[in-house]
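Trainee: Have a look at this one before I ask anything.
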Amino acid sequence: ASTGMKISWESVDWANRYFVYRKTGNGKWELLKKTTARSYTDTTVKSGTTYAYTVRGEADGIRTDYVGSKALKYLAQPKVAVSNTSKGAKVSWGKVKGAAGYYVYRKTGNGSWKRLKDTKG
């Protein structure tokens, strides 16, 4: 998500709230949020860091075991600038920590996005 890492999960029939946990590397699970919703956006993530998330359901004080986990490297959205030049449009962006490269896309009007270039710069 543009504001962080969005975690969502399927409902557990008997659960009336959920506990969202996160860890990095071989660290311990850290409780991030208690919620009745089925999604949560972690806005404390840092670009270039890989996070693992898991969710537990709870009802009447009884919690499920950790139900697997998903790990993903968070990459911040680059700040993009476009300017007109005598040869066309110039697209530039700031470096994103942890990114190995960038994909440049373009679309016109209500058309589909078209991938123009893959670049490391």
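Trainee: Relative contact order, percent, of the chain when contacts are C-alpha pairs under 8 Å separated by at least 6 residues?
Mentor: Worked out over the chain, it gives 20 percent.
Trainee: How big is the convex hull of the Cα atoms of the chain, per residue, in Å³?
Mentor: Given the Cα convex hull of the chain, per-residue volume reads 146 Å³.
Trainee: Then there is this: How do VAL96, VAL91, VAL82 rank by accessible surface area computed with a 1.4 Å probe, from largest to smallest?
Mentor: Per-residue accessible area, sorted high to low, gives VAL82, VAL91, VAL96.
Trainee: Can you give me the % of accessible surface on region 49-121 that is carbon or sulfur? Probe 1.4 Å, all protein chains present, nothing else counted. Provide the component values of the computation, followed by the final result.
Mentor: On the way: 2990 of 5810 Å².
The computed percentage sits at 51.
Trainee: Also, I was wondering about something else. Take the alpha-carbon centre of region 60-121, take the same for region 1-55, and report the distance between them in whole Å.
Mentor: 21
The values are calculated or read from the model by the stated rules, or taken from the named source; none is laboratory data. Computed from a predicted model, the values in this text were never measured in an experiment. Please note that ligands, DNA and RNA were not included when accessible areas were found on the heavy atoms of the full protein model with its side chains. Shrake-Rupley method; radii C 1.70, N 1.55, O 1.52, S 1.80 Å.
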